[in-house]
1. With helices defined as uninterrupted DSSP H runs, which ones in the chain have an alpha carbon span along their own long axis of at least 20 Å and mean Kyte-Doolittle hydropathy of at least -0.5?
2. Label points 7 Å out from Cα along the Cβ direction at Ile87 and Asp272: separation in nm?
3. Between Val56 and Thr264, how many nm apart are label points set 7 Å from Cα along the C-beta direction?
4. Which of Phe143, Phe273, Phe58 moves the most in a Gaussian network model of the chain with Cα springs under 10 Å?
5. For the ranges 265-272, 69-76, what's the packing order if you count other beta-carbon atoms within 10 Å of each residue, average per peptide, and put the highest first?
6. Figure the gain on full extension for Leu253 and Glu229 (residue separation times 0.36 nm, minus the Cα-Cα span) and round it to one decimal in nm.
7. Would you kindly state how much longer the chain becomes between Arg12 and Glu214 on full extension, computed as 0.36 nm times their sequence separation minus their alpha carbon distance, in nm to one decimal?
8. Within a Cβ distance under 15 Å of Met252, other residues only, what is the Lys/Arg minus Asp/Glu net charge?
Amino acid sequence: MVGLVIAAWYERPGPAKEVLEVGQMPDPEPGTGEVRVAVRVSGVNPGDTKKRGDWVGFGMAFPRVIPHSDGAGVIDAVGDGVEPSRIGKRVWVYGAQSYRPFGTAAQLTLVPAEQAVELPDEVGDALGACLGIPGITAHRAVFGDGSVYGKTILVHGVLGAVSSMAWQLARADGAKVIGTVRRTADLDQTDSSGHVVALDQPDPVAAIRKLAPEGVDRIIEVSLSDNAELDVAVAANDAVVAAYATREDRPMLPFWPMLFANLTIRLLGSDDFTPPAKQQAVAALTTAARDGTLTIPSRDPIPLHQIAGAHDLVDAGTRQRVLVAIPPS
């Protein structure tokens, strides 16, 4: 007999309060190479709410989407080809709704076995649910070209989910890290032990150059269209701009200054990182979470039946990670 689970879903794109529904649906059964996870906490990312709003105009990839790619819970069933000993293990999940319809906003979700990563005893479910998309993106942004030990790294938007993790990972690897925030008023929310520059000051280039006279070796970029001129002005020769977001989807770039600086622009799409890159990030993030290297501020989890409010918080640009509490099945 097929059981039922409580889940949230949408069947058309649009505003959260108009399209998100919460109800019951049949239990998902794991296929070959998959595990089923009893989700405890589901993480909400900007990418999840952008998909729900169809921000790039691609339409619905599936007739019904259970949102959210990240989460944490316990494996309760496995498919063929997966060791039964994995049942009962606590895990953090990434990519649940990456090219798949069934995300973590449900009591049960299915993922390929490698996308359910054992969660150390020292790491709570809330932190585990924050690691996926932002953490893997941050790791790739920092380490996509190797270790940053001894290098100078500029991380834009250090109060954001991805950049705050990039800041911590780069510092842990031995880099000198300079962060930015958009407004001077935001400085009191940053890590007082680091170097942070507000971009609304009269001369942010001079402020960054004062901290990095030889230029910065790597730039973690959250808004390539807004910051391209600044980036080339502070970059060292042969620097890398690792961009995971932009405000304008067709940014104007200062080509000749970038060329003369021999800049590399590395674009980062988290759903499409290579499997080895994801596995490297997953291992590093799990270790960092276990060792206390990562601090991720999050709100108290919001009940699943209030998921539309959770999406609205993300869309409003909250600086704390937004989590959804999944009721036990």
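1. Counting only whole DSSP H runs, the qualifying helices are 275-291.
2. Computed distance between label sites Ile87 and Asp272 equals 3.9 nm.
3. Going by the 7 Å Cα→Cβ label model, 2.3 nm.
4. Result: Phe58 has the largest fluctuation of those listed.
5. Final packing ranking: 69-76, 265-272.
6. Contour length minus Cα-Cα distance gives 7.9 nm.
7. Details: separation 202, 0.36 × 202 = 72.72 nm, distance 5.09 nm.
Length gained, Arg12 through Glu214: 67.6 nm.
8. Residues close to Met252 contribute a combined charge of -4.
Each reported figure results from applying straightforward, stated rules to the coordinates on display, with no laboratory input. The model shown is predicted, which means the values in this text are computed figures rather than measured ones. Positions of Cβ are backbone-derived with ideal geometry, glycine not excepted, and every protein chain shown enters the neighbour counts.
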